[in-house]
Every structure is written in structure tokens, then in C-alpha cells.
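Step one of this worksheet: look at the structure below.
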Amino acid sequence: MEDLLLAPGLLIIILVTLGLILFLYFIPVGLWVTAYFSGVRLKLVRDLVGMRLRKVPPTGIVRSQITGHKAGLSLSTPQLEAHYLASGDVGKVVNALISADKANIDLSFEQAAAIDLAGRDVYEAVQVSVNPKVIQ
């Protein structure tokens, strides 16, 4: 008789645990907290859950956005998502934009994204323009 009483309680615990795991997968609260305290304002449902539904990894986009924000760049989440969905390397583009900004090179996000999507390493292109290579 006691086994019958434990079974519903155990079932509820399992369902609550699975529900919590599913909730934390679709809504990465830890990532949202990290972004918030880094100064990047994201909407929990619109941005982070939307990224999951669009098959965009929120961690890569948000980390790149935090890096850009800390370097003084203004990058929007939709820009970074669009570049990722176009098979671009968001991290390299953000790093190239930071390098270009610190070297006083006028490089827009659109230009950096175009260079990246053309198959060239945009970060290396910025580095070469800062420190030109001499071919002997």
C-alpha cells in the first residue's frame, strides 16, 4: 500500500525535474544574468528564446555582444544573428571590429561581415592593414 503512495510523489518529482531542465534549456537564465551585469540588455523571451527557436546558439551571440560592448562598440543582436545565419564567424567579425576601432581604422559591421562572408579572414585582414606584411 505504501508503494502506491510513493509512486505519485516520485512521478511528480520526475516531471518537475524534467520541466525545469526543459525550461532552463529554452530560457538560459544564467546567460541572461551574465549579459545583464555586463551591461548588455537583452529580452529574456524575445532574444534568448527566439535564438533557440531560430537554431542560433545564444552563448556565441551573447558572448560576442558582451565583448563588443566592453570594447565600446554598439552591436545589435539581430545583426549578429543574421551574420551567424549567413554562415559567418561572429567572433572573428567582432574581434576584427575591435581591432579596427583601436587602430582608428574605419570599418563598419557591414563591411566586416561582407569580408567574412567572402571567405577571407576578416581579423587577419585588419591585422595586415595595421602591420603590413613585407613580401621578399
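The values are calculated or read from the model by the stated rules, or taken from the named source; none is laboratory data. Values in this document were obtained by computation on a predicted structure and should not be read as measured data. A quick note on method: Cβ atoms are made from the backbone with ideal geometry, for glycine too, and the neighbour counts reach across all protein chains shown. Please note that ligands, DNA and RNA were not included when accessible areas were found on the heavy atoms of the full protein model with its side chains. Shrake-Rupley method; radii C 1.70, N 1.55, O 1.52, S 1.80 Å.
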Hey, of [x] 16.1, 51; [y] 19.8, 66; [z] 21.4, 88, which did the structure itself give for Rg and Dmax of the Cα atoms in Å when calculated? [z]
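Counting only heavy atoms of protein chains, what accessible area per residue, in Å², does region 22-136 have with a probe of 1.4 Å? Don't jump to the answer; show the numbers that get you there.
Values: 6890 Å² over 115 residues.
With all protein chains present, region 22-136 gives 60 Å² per residue.
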Pop out the carbon and sulfur fraction of the accessible area of the chain as a percent, whole number, probe 1.4 Å. 64
In nanometres, what is the gap between the two model label sites at V130 and A86, each 7 Å from Cα along Cα-to-Cβ? 2.4
For region 13-60 versus region 66-104, the gap between their alpha-carbon centres in whole angstrom: 21
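In what sequence, highest mean first, do 66-79, 84-97 appear when ranked by Cβ atoms within 10 angstrom? Write out the running numbers ahead of the final one.
On the way: 66-79: 15.7, 84-97: 19.5.
Peptide ranking by packing, descending: 84-97, 66-79.
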Summing +1 per Lys or Arg and -1 per Asp or Glu among the other residues with Cβ less than 15 Å from F26's Cβ gives +4
Virtual spin-label span in nm between T17 and Y36, 7 Å along Cα→Cβ: 2.8
